[in-house]
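One structure follows; several queries about it will come next.
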Amino acid sequence: MYRQGLESLPTYDVSEKDWKIKLNANESNLNLPPLVEERVIARLGRVAFNRYPDTEMDDLKDLIARNFRLNEENVLVANGSSEILEKLFFAFGGPKRSIVFPMPSFSMYNIYAKLSESEAKVVPLEADYTLDVKKFIQAVQECDAKLAVVCTPNNPTGTIIPLADIEYIAKNIDCPLAVDEAYVEFYGISAASLIEKYPNLIVARTFSKAYGMAAARVGYMLAGKDIIHMIGKACMPYHVNVLSLAAAAIVYQMRDEFVPRIQMYVAERKRMFEALEKIKGITVYPSETNFILIRYENAVALNEYLESLKIGVRSFGNAPGLENCLRITIGTREENDQWLSAVKAFVERS
Ligand SMILES: *Cc1c(COP(=O)(O)O)cnc(C)c1O
């Protein structure tokens, strides 16, 4: 009844329990800063509901372009970076066309590959979750890939690919390289500065993580104007709604208001990393994001224990390279104290 492959496609599970502390989706556990929220609400009160959102789209693109010293033609705004990624897989993939990405990485890459009927070619990360750039380039060349995707800082490992390596990959492959920078605000080093130099480079960004706008579903892509033009063809007319566009423009203009909380998340991540390192039996991976990945031999039981306390973290079951791993989003200081003492208590009495 359905198109081939749809029934066997895994479902991206978004059902939620009644969490007391929600640390499973890398959201910001703080809503918009009060001053920003006030301006957003005032702005939404002036929306022309009867018009298609073309001026709002242009305004947001203009703001983003100016920040990166690019032109509006180098920016595509979409419904989260999810839509960007899905369109990239659609536009560059297809039957008998390979798309290369590392593993473990963002689980949706596999789903977009299947949806677009592309051949997914995964390059396993090393044991410490770093990417061997030579292996990656070789994989791209061997399958004559039509698109390469990397995520840095990487979800769910938290590790980065140095900018010099991104540049090296872009220089040495013949296909587009998409860099998923969903967590870049927690790291600070972006590949956006290389867009003008490498016409095959694409940067995907989102308002969902550092800017606490997951509800609005806004993301954008930076690339050369030809790529932006072609990917734009794959989008529906007026695909992003005016409420999200208007809210995102205010948030973007006021992004300095987010600096203190980004610094707080980074400091908390460091504090949690150091505390976790001291717990015997737990391996903790260095992270440049707003989450931390840990490995523990009885991760299943630890996860169940946290669940019983209504603390929601992300477990990966038997996903290759993520056996016995849990990914914990960094919350507020109080939330972090709570989950950390729960983890400690469980491990120490096991
Ligand atoms: C969260 C996330 C996204 C998607 O975010 P949107 O909410 O769709 O903008 C994309 N890539 C990675 C790696 C993510 O973690």
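Each row is one residue, and each column tells you yes or no for (1) open to solvent by less than 10 Å² (accessible area, probe 1.4 Å); (2) touching a Gly at 6+ places or on another chain (Cβ under 8 Å); (3) within 16 Å of the ligand (Cβ to nearest atom).
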| site | (1), (2), (3) |
| --- | --- |
| 203 | yes, no, yes |
| 207 | yes, yes, yes |
| 212 | no, no, yes |
| 216 | no, no, yes |
| 219 | yes, yes, yes |
| 224 | no, no, no |
| 233 | no, no, no |
| 238 | no, no, no |
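On to the next question. Which of the residues spanning the range 297-344 are in a helix (DSSP H, G or I) and under 15 Å from residue 272 (Cα atoms)? Talk me through it step by step, then tell me what you get.
Of all residues in the range 297-344, those in a helix (DSSP H, G or I) come to 299-308, 333-344.
Residues satisfying the conditions are 333, 334, 335, 336, 337, 338, 339, 340, 341, 342, 343, 344.
Hey, another quick one. Only one of these conditions is not met by residue 228: (1) in contact with a strand residue (DSSP E or B) (Cβ under 6 Å, 6 or more places away or on another chain); (2) within 12 Å of the ligand (Cβ to nearest atom); (3) outside any loop (DSSP other than H, G, I, E, B). Which number is it?
(2)
Can residue 75 be described as under 23 Å from the mean Cα position of the chain (by Cα), among the aliphatic types (A, V, I, L, M) and not assigned by TED's automatic domain parsing to the domain that holds residue 192?
Numbers: under 23 Å from the mean Cα position of the chain (by Cα): yes; among the aliphatic types (A, V, I, L, M): yes; not assigned by TED's automatic domain parsing to the domain that holds residue 192: no.
Considered against the rule, which asks whether it is under 23 Å from the mean Cα position of the chain (by Cα), among the aliphatic types (A, V, I, L, M) and not assigned by TED's automatic domain parsing to the domain that holds residue 192, residue 75 comes out as no.
Going through the range 249-308 one residue at a time, which ones are under 25 Å from residue 181 (Cα atoms) and among the aromatic types (Phe, Trp, Tyr)?
252, 258, 265, 273, 285, 291
The rows are residues; the columns are (1) assigned to a strand (DSSP E or B); (2) closer than 28 Å to residue 212 by Cα; (3) over 14 Å from the mean Cα position of the chain (by Cα).
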site: 83; (1), (2), (3): no, yes, no
site: 109; (1), (2), (3): no, yes, no
site: 114; (1), (2), (3): no, no, yes
site: 120; (1), (2), (3): yes, no, yes
site: 131; (1), (2), (3): no, no, yes
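Let me ask something additional. Could you list, in sequence order, all residues of the range 166-185 that are within 16 Å of the ligand (Cβ to nearest atom) and either aromatic (Phe, Trp, Tyr) or surrounded by fewer than 21 Cβ atoms within 10 Å (Cβ to Cβ) (or both)? Can you show your working first?
Kept after step one, since they are within 16 Å of the ligand (Cβ to nearest atom), are these residues of the range 166-185: 166, 177-185.
Residue satisfying the conditions is 183 alone.
Consider only pairs whose beta carbons are under 7 Å apart and that are at least six residues apart or on different chains; among these, list those whose first residue lies in the range 105-117 and is among the basic types (Lys, Arg) and whose second residue is surrounded by fewer than 17 Cβ atoms within 10 Å (Cβ to Cβ).
Within 7 Å, the pairs are 114/5; 114/9.
Of the residues 79, 110, which single one is within 18 Å of residue 217 (Cα to Cα), open to solvent by less than 70 Å² (accessible area, probe 1.4 Å), in contact with a strand residue (DSSP E or B) (Cβ under 9 Å, 6 or more places away or on another chain) and within 16 Å of the ligand (Cβ to nearest atom)?
Of 79, 110, the one residue that is within 18 Å of residue 217 (Cα to Cα), open to solvent by less than 70 Å² (accessible area, probe 1.4 Å), in contact with a strand residue (DSSP E or B) (Cβ under 9 Å, 6 or more places away or on another chain) and within 16 Å of the ligand (Cβ to nearest atom) is 79.
State whether the residues of the range 144-159 include one that is crowded, with 17+ Cβ neighbours inside 10 Å and assigned to a helix (DSSP H, G or I).
Kept after step one, since they are crowded, with 17+ Cβ neighbours inside 10 Å, are these residues of the range 144-159: 145-159.
Right, trim to assigned to a helix (DSSP H, G or I) and you get none.
Taking every residue of the range 144-159 in turn, none turns out to be crowded, with 17+ Cβ neighbours inside 10 Å and assigned to a helix (DSSP H, G or I).
Now, a different point. Residues of the range 49-76 being open to solvent by 40 Å² or more (accessible area, probe 1.4 Å) and either part of a loop (DSSP other than H, G, I, E, B) or under 12 Å from residue 205 (Cβ atoms) (or both), which ones?
Scanning the range 49-76 gives 49, 50, 51, 52, 67, 68, 69, 71.
The values are calculated or read from the model by the stated rules, or taken from the named source; none is laboratory data. Computed from a prediction, not measured in an experiment: that's the story for all the values here. For neighbour counting, all protein chains shown are included, and Cβ atoms are generated from backbone atoms with ideal geometry for every residue, glycine included. Ligands, DNA and RNA are stripped out before the accessible areas are found, and what is left, the full protein with its side chains, is counted by its heavy atoms. Shrake-Rupley method; radii C 1.70, N 1.55, O 1.52, S 1.80 Å.
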